[in-house]
Amino acid sequence: MRALGLLESLLGLPSYELQKLALLRSNKTFVGGMTAVQRNGIDIPLSFIRYASEDGVDAVPICPECLYEEAYIRQAWHLKPIRACAKHKCELVHQCPECQEPINYIENESIDRCVCGFEFIKASSAKACQQDIKLSGCLISGDDSSSSPLFASVSTTHRFAALAWHQKRYPEKHQYIDAIEYFKAWPDNFYRELDTITSHADLRLVNLFNKTAFKFIYGDLILQSQCIHPEEKEPHFIHSALMEYLRNLVESHPKSKKSNVADMLVSVAETAALLSTNYEQVYRLYQDGVLSSGYRQKMKQRVAPHVGVFYLRQVIEYKASFGANGQGVYLSSW
């Protein structure tokens with residue numbers, strides 16, 4: 001930081017101007033504990049950054065027309081979801097047309113030419129598809145006129161989190177542009193998928209619902225919905241959609257003598273995600289009798305954080321009792 005400050009003074013730049021351009025380590029994590037970096041207040045999954053890796057050289061692609069206008073590397077070219085130039089509506093060039101080597105100014109130590117001597121401004125680029133152009137143009141700045149929550153009035157960090165969630169949930173068919181089509185139908189397509197799982201839940205049972213872990217039926221649905229940790233002031237739209245679904249699930253399956261899908265067991269980790277709080281708060285809620293265990297626990301033995309133990313119904317009803325403004329506050333610190 002001191003080196004950046006010295007460089008700013010030598011160049012006559014305002015304080016912290018270079019820090020705004022730099023990628024700094026972030027204290028946030030994305031879906032499944034993905035490490036994040038931060039640039040100018042925007043958190044980005046580290047896995048979304050193009051850089052030189054241990055197993056080879058990653059390309060940092062360029063737009064020849066942008067380089068022709070001004071010879072500097074655009075920050076957006078370092079982001080893997082960006083595959084097109086929104087300004088010139090062309091695909092980014094990943095390889096040198098002359099020698100087919102990956103374009104990477106970090107490795108080549110040259111912005112406008114390859115190690116073979118080829119000038120990148122002479123490269124031709126294909127016309128980009130509309131989805132790539134849309135993603136390139138709206139990923140950072142958004143689009144308030146869009147009906148998709150991916151581009152509407154959400155933060156840039158939330159947009160990156162949504163892409164990370166889509167990548168984690170559908171790894172076998174994930175492409176960044178696929179997320180555009182997916183979120184156009186949000187949340188109806190998400191709810192239909194969950195309804196299908198719910199309707200077939202009884203076919204997968206090997207025990208009663210009130211002895212079955214939520215994860216056994218729905219997988220990591222709850223933990224993956226915690227798109228950003230620690231959470232921002234406004235909850236992520238994916239987490240909000242899941243909470244709405246679970247509230248309706250509990251309401252449509254009232255408590256009865258025979259256990260049902262709303263009586264499944266969630267773990268400490270899942271409870272913390274649902275309540276937007278930490279593990280310690282969940283343990284204290286259990287110790288104070290607010291949450292009941294589905295199993296008899298041994299004396300002085302702490303509940304394992306990833307074992308289904310609390311009733312989903314109880315957690316959702318407790319969350320609902322605080323209303324919309326009770327985000328993450330349940331017990332006093334003393």
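The values are calculated or read from the model by the stated rules, or taken from the named source; none is laboratory data. Just so it is clear, the structure is predicted and the values come from calculations on it, not from any experiment. Virtual Cβ from ideal backbone geometry, glycine too; neighbours counted across all protein chains shown. SASA here: full protein model, heavy atoms, side chains in, ligands and nucleic acids out. Shrake-Rupley method; radii C 1.70, N 1.55, O 1.52, S 1.80 Å.
Report the percentage of all Cα-Cα pairs in the chain whose separation exceeds 29 Å, rounded to a whole percent.
Of the Cα pairs, 50 percent sit more than 29 Å apart.
Remind me, relative contact order of the chain in percent, using alpha carbon pairs under 8 angstrom and six or more residues apart?
Computed value for the chain: 12 percent relative contact order.
Rounded to a whole number, what % of the accessible area of segment 1-160 do carbon and sulfur atoms account for, probe 1.4 Å?
Accessible surface attributable to carbon and sulfur in segment 1-160 totals 50 percent.
Excluding residues fewer than 8 places away in the same chain, name every one of the lysines whose C-alpha is closer than 16 Å to that of LYS80.
The reachable lysines, counting only those whose Cα sits under 16 Å from LYS80, are LYS134, LYS168.
Out of the total accessible area of segment 195-314 (probe 1.4 Å, heavy atoms of protein only), what percent is carbon and sulfur?
53
For the chain, what is the mean residue ellipticity at 222 nm derived from helices alone (per DSSP H run of n ≥ 4: -39500 (n - 2.57); sum divided by total residues; nearest 500 deg cm²/dmol)?
Helices in the chain give a 222 nm mean residue ellipticity of -10000 deg cm²/dmol.
Mind giving me the FRET efficiency for ALA71 and LEU7? R0 is 22 Å, r the Cβ-Cβ distance, nearest 0.05 is fine.
0.60
How much accessible area per residue does the chain have, counting only protein heavy atoms and a probe of 1.4 Å, in square angstrom?
Accessible surface, normalised per residue, equals 54 Å².
Taking a ≥ b ≥ c as the square roots of the eigenvalues of the Cα gyration tensor of segment 70-182, is the shape rounded (a/c under 1.5), prolate (a/b larger than b/c) or oblate?
It is prolate, given that a/c is not under 1.5 and a/b is the larger ratio.
I'd like the accessible area for SER148: 1.4 Å probe, protein heavy atoms, all chains in place, Å² to the nearest 10.
Ignoring ligands and nucleic acids, SER148 comes out at about 10 Å².
Could you list which residues have their amide H under 5 Å from that of ALA152, counting only those 5 or more apart in sequence or on another chain, with H placed in the peptide plane?
Here ASP143 satisfy the definition.
Which of LEU221, TRP165, GLN287 sits farthest toward the positive end of the charge dipole of the chain, with +1 on the Cβ of Lys and Arg and -1 on the Cβ of Asp and Glu?
GLN287
Tell me, in nm to one decimal, what length is gained between ALA22 and GLN287 on full extension, where the rule is 0.36 nm per residue of separation less the Cα-Cα distance?
90.9 nm
Which of the cysteines in the chain are isolated, no other cysteine C-beta under 4.7 Å?
For the chain, the answer is CYS90, CYS129, CYS138, CYS227, because their Cβ atoms have no other cysteine Cβ under 4.7 Å.
What net charge is computed for the residues neighbouring ASN260, neighbours being all others with C-beta under 11 Å from the C-beta of ASN260, Lys and Arg scored +1, Asp and Glu -1?
+2
Note the full-extension length gain between GLU234 and GLN301 as 0.36 nm times their separation in residues minus their Cα-Cα distance, in nm to one decimal.
Taking 0.36 nm per residue and subtracting the Cα distance, the gain is 20.6 nm.
Leaving ligands, DNA and RNA out of it, work out the accessible area of ILE180 with a 1.4 Å probe and give it in Å² to the nearest 10.
10
Compute, for segment 115-227, the length of the dipole vector about the Cα centre, with Cβ point charges of +1 (Lys, Arg) and -1 (Asp, Glu) only. Units Debye, rounded to 20.
220
Can you order the peptides 122-132, 58-68 by their average number of other Cβ atoms within 10 Å per residue, highest first?
Going from most to least packed, we get 58-68, 122-132.
Could I have the simple spin-label model distance between GLU172 and VAL115, label points 7 Å from Cα toward Cβ, reported in nm to one decimal?
3.9
Taking +1 at the Cβ of each Lys and Arg and -1 at the Cβ of each Asp and Glu, which of SER276, SER141, GLN175 sits farthest along the dipole of the chain towards its positive end, judged by Cα position relative to the Cα centre?
The one lying farthest along the dipole's positive direction is SER276.
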